[in-house]
1. Tell me which residues, restricted to region A:84-107, are away from chain B (no Cβ under 14 Å), in contact (Cβ under 8 Å) with a residue 60 or more places away in the chain and surrounded by fewer than 22 Cβ atoms within 10 Å (Cβ to Cβ).
2. With modelled with pLDDT under 90, outside any loop (DSSP other than H, G, I, E, B) and crowded, with 21+ Cβ neighbours inside 10 Å as the only criterion, which of A:Leu275, A:Leu182 stands out?
3. Only one residue in A:Ala146, A:Ala170, A:Ala156 is farther than 18 Å from A:Leu216 by Cβ, part of a helix (DSSP H, G or I) and among the small types (Gly, Ala, Ser). Which one?
4. Checking the condition of a type outside the set (Ser, Thr, Tyr), touching a helix residue (DSSP H, G or I) at 6+ places or on another chain (Cβ under 8 Å) and buried (at least 18 other Cβ atoms within 10 Å of the Cβ), which residue from B:Ala229, B:Ala216 passes?
5. Please state which one of A:Ala190, A:Ala170 is out of contact with any Lys or Arg (no Cβ under 7 Å at 6 or more places or on another chain) and either within 11 Å of chain B (Cβ to nearest Cβ) or within 20 Å of A:Asn77 (Cα to Cα) (or both).
6. For region A:158-205, which positions are of a type in the set (Ser, Thr, Tyr) and closer than 23 Å to A:Pro97 by Cα?
7. Determine which single condition A:Thr213 fails, assuming it passes every other condition in (1) more than 22 Å from A:Trp272 (Cα to Cα); (2) polar (S, T, N, Q); (3) within 14 Å of another protein chain (Cβ to nearest Cβ).
8. Here is a check on your reading of the model: is A:Arg110 closer than 25 Å to A:Thr218 by Cβ, basic (Lys, Arg), outside any helix (DSSP H, G or I) and within 12 Å of chain B (Cβ to nearest Cβ)?
Amino acid sequence: MTSRGTTGETIEGPEGTVSTTRAPGGSVVRIAGVSHSFAAPDGARRPVLEGIELEIRRGEFVAIVGPSGCGKTTLLNLVAGLVRAEVGIVQVHGGRPKVGDPEVGYLFARDALLPWRTVLGNAELALEIAGVAKTERRRRAEELLASVGLADSANAYPAQLSQGMRQRVAIARTLATRPDLLMLDEPFSALDAQTKLLLQDTFSQLWAGLGATVVLITHDLSEAISLADRVVLMTARPGRIKRVFEVDLPRPRSVVTLQSEEAYHRMYQQLWSELSEEVVRQ
Amino acid sequence: MTQLEANLEADATVRNDVAVPRRLDKNASGRQRSRGARTSVTVRVIQLALLVALFGSWQLLAATKVLNPAFVSEPSQYFPSFWHGVDGGGLLGLIGTTLYETFVGFALSAILGLAGGYLLAEFKAFDVIIRPFMTGFNSIPRIALAPLFVLWFGLGSLSRIVLIVSLSFFIVAFNTYAGLQGVNRDHLLLSRVLGASRRERFFKFVLPSAAPSIFAGLQLALTYAFLGAVVGEMLTGSDGLGGYLALKMGSFDTTGFFGGLILLVIVALAVSAIVRALENRLLRWRAIELAGTQGGGQ
């Protein structure tokens, strides 16, 4: 981590962050001068991202927040290799991002569990496609199911699970290949408020034991602050990086206990006042 | 980790929104099963009573000449006729012919329909060029073509098999096509990001998701295959149970006709029971999913 003051948060401009944050492990994700646009129905190009500069260090947890339609998910798709950037460079592990890289894990808002597979079968899916031998993938899937608290439901079908349990299976599936980079696209947004808090904590604890680099797209400011090392705030469309907040709250953190921290609330307010300007601008 | 355990426990108590714990609990499901068994006994008793009422009133109306027995026969006559037919009267041989035509026709329809549906779903050009022809041909009432098939393929089983394929092929093909097209987009995205090969995508994501639709198509195709065989036989009046029925009707033997009809109903019920058992086995997840949507939850 970079050194920072004891005041609780450090605010840096986007340009400053990019050039100064080269940690010993090097950057896992490098986004330089990236702009992107989509074709509008009338045939014109509609810019969604403009001049994005961002480097994500090994083991860092970065949250990206911004108003709806600011290009957050496009940014994630660029890093995932699902979309090629029109302008600029996107690198993952020093190379061009490639879809299906077993080093990269994904978690979506919708769990995408296969209803015809049992919980265990779903947890094994990524390992199966990665070509892991049968006994080994079973062992790893069972281990992960246990760590998300679903050891007893291994033989159940997804339809028999609650939304929160389903997302736990998706987490197990994602972590089973031991990815080095995790991409989370609003992974908790489809859950009810209580389940969300529990799952955020579960994920936070699992992540602490993994050391993976995480990119989290979210609408939820408290989620961003309580999970991330840095929060990247984007402007309204076309999305630019407005500001990068360093979250200097001690770990391990719990989403619930953070509620009593004054630093947390100050950061929340600051983030919200900046974000609300963008939301209003839309 | 203790905190993790605590929060897992909390999750378990929070999820009051879903009926999972109940369904996963072995004791509870055992209890439910015994209650299920009791209701199914009640259902069977009621069904039996309805059958008795149906044939009893039929018998009564025919015996009292309210209904003309020459037109409707009577149970006390056609049940023995059915029994004599089965017990050495040649009905079994006739139904054998009908079933042979049904299954050969069905098997051909299934193979060709699965292949056709796959080609439509997988190759855009095939879909664009061929599908309008298929839709067009499928809109012809095929039964009307039966005499043409007899002219082309003779009075034997072959003309019936062709008739069956002309009916059932499209059902299998269109259901397979619809199933393969209806894959969940999230699943396709997942297959992409997990780096699935084309082959893996098809066998691990697309085909299992299409299975319920394909199965529904096969079930319907089998019904139509049976229909095609019997109607085809009635038309030529030469062979199989359909031929027997046509012959009995032609000689105004309603007792013989109903006797044959009983065998037809029994065989059709048996075939559909086998198919249903197969479906429950192969698509257990689907049954659980459908049951789940009724049991509270979201």
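1. First, the residues of region A:84-107 that are away from chain B (no Cβ under 14 Å): A:84-91, A:93-96.
Filter once more, keeping what is in contact (Cβ under 8 Å) with a residue 60 or more places away in the chain: A:90-91, A:93-94.
Matches in region A:84-107: A:Gln91, A:His93, A:Gly94.
2. Details: A:Leu182 fails: modelled with pLDDT under 90.
That would be A:Leu275, the only listed residue that is modelled with pLDDT under 90, outside any loop (DSSP other than H, G, I, E, B) and crowded, with 21+ Cβ neighbours inside 10 Å.
3. Details: A:Ala170 fails: farther than 18 Å from A:Leu216 by Cβ; A:Ala156 fails: part of a helix (DSSP H, G or I).
Result of the check over A:Ala146, A:Ala170, A:Ala156: A:Ala146.
4. On the way: B:Ala216 fails: buried (at least 18 other Cβ atoms within 10 Å of the Cβ).
Residue meeting the stated conditions: B:Ala229.
5. Working: A:Ala190 fails: out of contact with any Lys or Arg (no Cβ under 7 Å at 6 or more places or on another chain).
Sole residue among the options that is out of contact with any Lys or Arg (no Cβ under 7 Å at 6 or more places or on another chain) and either within 11 Å of chain B (Cβ to nearest Cβ) or within 20 Å of A:Asn77 (Cα to Cα) (or both): A:Ala170.
6. Step one: list which residues in region A:158-205 are of a type in the set (Ser, Thr, Tyr), which gives A:162, A:174, A:177, A:189, A:195, A:202, A:204.
A:Thr174, A:Thr177, listed by residue number.
7. (3)
8. Yes; evaluated as a whole, the condition is true for this residue.
The values are calculated or read from the model by the stated rules, or taken from the named source; none is laboratory data. Since the model is a prediction, treat every value here as computed from it, not as a measurement. Virtual Cβ from ideal backbone geometry, glycine too; neighbours counted across all protein chains shown.
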